[in-house]
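Heads up, the thing below is written out as structure tokens.
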Amino acid sequence: MVRLKELYDNIEAKLCDGKSGNDIFEARFEAQCIIRHATGKGYRSTILRDPDAETTDEQAADAQEMTLRRLKGEPLQYILGEWEFYGMNFCVGEGVLIPRQDTETLVELVTDEYLKDGLVCADLCSGSGCIGISLSRLYRTRMHCYEKSGKAMEYLTRNIEMNRLKVNGLVSAVLADVLDKAVIEAAPMYDIIVSNPPYLTAEDMKNLQTEVTYEPEMALYGGEDGLYFYREILKAWSKKLKKGGLFAVEIGMGQEKDVMQIFEENGIEAQTKKDYCHIDRVVYGIKK
Ligand code: GLN
């Protein structure tokens with residue numbers, strides 16, 4: 001039997017040993033996440049209020065095993081098996097991109113300014129479904145989440161199922177390659193199309209943070225210059241957007257000029273929105 005406080009101190013020290021690159025605040029946060037996942041206890045308040053609470057040997061062993069995985073570089077999100085995005089929980093694990101806070105910028109733009117009841121929307125390269133599912137939470141909009149990877153599709157369908165009550169059964173998952181002509185032809189006309197496609201360049205792929213190397217290359221690599229999917233998606237899918245409809249995509253740092261130009265080549269006058277780090281994160285425009 002191990003006391004909660006001992007387990008916490010032990011894991012925090014391991015996560016902050018200088019090798020893992022964590023500072024003390026990250027180590028504390030991650031130790032809390034791991035202990036909470038393994039024991040059901042572990043919010044800071046619980047640890048302070050009830051430091052002598054007992055944890056079973058099995059719980060402590062689970063927490064230690066998770067800590068070892070973390071120290072080898074596996075992302076915390078995969079170890080926990082779920083992650084929060086825009087106030088909702090999403091299942092994640094090997095084979096699907098982890099939802100990032102940057103992507104909330106795209107969701108915020110669409111929900112704050114463009115979404116209303118009765119629309120039909122598409123989320124291309126949906127992955128975990130975090131964008132499409134979050135968008136469908138506040139309005140009665142139909143959302144088609146397109147995903148090509150069978151593995152990511154498992155998470156997508158699970159996430160739709162898990163959040164079913166919040167999204168009123170209006171979100172559906174489509175296992176399909178968004179660059180496949182037959183898929184594009186079969187698609188209906190949309191009021192809103194959003195996407196966070198793979199956008200890392202060949203150079204970026206050589207310098208990935210250890211954690212990111214665990215994520216699927218298919219969800220990260222956007223061709224030599226990172227722009228392949230913007231070119232192909234805009235060319236094909238701007239034809240599937242109704243007049244007056246919104247096209248909005250997430251971009252990587254420094255891609256705004258190129259992606260705005262791609263929008264304009266496809267007849268959509270483009271603007272950008274910054275994320276909370278003041279980096280242009282979304283390119284969007286209305287089809288005339
Ligand atoms: N934002 C991701 C990263 O920084 C990349 C995701 C993507 O390519 N859409 O690793």
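The values are calculated or read from the model by the stated rules, or taken from the named source; none is laboratory data. Predicted model only: the values in this text are computed from it and were never measured. Reconstructed Cβ throughout: ideal geometry from the backbone, glycine too, with neighbour counts over all protein chains shown. Protein only, heavy atoms only, side chains kept; ligands, DNA and RNA dropped before computing areas. Shrake-Rupley method; radii C 1.70, N 1.55, O 1.52, S 1.80 Å.
Observations
- Relative contact order computed over the chain (Cα-Cα under 8 Å; 6+ residues apart), in percent: 14
- Projected onto planes of every orientation and averaged, the convex hull of the alpha-carbon atoms in the chain covers 15.7 nm².
- Candidate lysines for bridging to residue 243, where Cα separation is under 30 Å - those fewer than 8 sequence places away on the same chain excluded: 116, 148, 166, 181, 235, 257, 273, 274, 287, 288
- Dimensions of region 162-286 along the principal axes, based on C-alpha atoms and rounded to the nearest Å, stand at 39, 37, 32, largest first.
- Here the accessible area is traced with a 1.4 Å probe on the protein chains. For the chain, carbon and sulfur cover 50 percent of it.
- Rolling a 1.4 Å probe over the heavy atoms of the protein chains gives the chain an accessible area of 49 Å² per residue.
- Cα gyration tensor of region 231-288 - equivalent ellipsoid semi-axes, whole Å, descending: 20, 11, 9
- The convex hull defined by the C-alpha atoms of region 73-223 has an orientation-averaged projected area of 8.7 nm².
- Theoretical FRET efficiency, 1/(1+(r/R0)^6), r = Cβ-Cβ of residue 161 and residue 211, R0 22 Å, to 0.05: 0.20
- Sites residue 276 and residue 1, calculated FRET efficiency, Cβ-Cβ separation with R0 45 Å, nearest 0.05: 0.55
- With kT/(6 pi eta Rh) evaluated at 25 °C and eta = 0.890 mPa s, and Rh the Kirkwood radius from Cα pairs, region 118-207 diffuses with a coefficient of 181 µm²/s according to Stokes-Einstein.
- ³J(HN,Hα), Karplus 6.51/-1.76/1.60, whole Hz, each residue of region 276-283, x for Gly, Pro: 6, 9, 6, 9, 4, 10, 10, 10
- Computed from the Cβ-Cβ distance with R0 of 41 Å, the FRET efficiency linking residue 138 to residue 185 stands at 0.85.
- Region 1-155: relative contact order in percent, alpha carbon pairs under 8 Å with at least 6 residues between: 17
- With only the Cα atoms considered, region 82-140 has a convex hull volume of 76 Å³ per residue.
- By the rule of a C-alpha distance below 21 Å, with chain neighbours fewer than 8 residues away ignored, the lysines paired with residue 5 are 14, 41.
- A Cβ-based charge dipole, computed about the Cα centre of region 119-225 with Lys and Arg at +1 and Asp and Glu at -1, lands at about 720 debye.
- Overall, the chain carries a charge dipole of about 1020 debye about its Cα centre when +1 sits on the Cβ of Lys and Arg and -1 on the Cβ of Asp and Glu, all other atoms neutral.
- Normalising the average separation of contacting C-alpha pairs (under 8 angstrom, six or more residues apart) by the number of residues puts the relative contact order of region 188-288 at 30 percent.
- Whole-Hz Karplus values for region 72-84 come out as 7, x, 5, x, 3, 4, 5, 5, 6, x, 7, 8, 8 Hz, taken residue by residue from phi with 6.51 cos²θ - 1.76 cosθ + 1.60 and θ = phi - 60°; glycine and proline positions read x.
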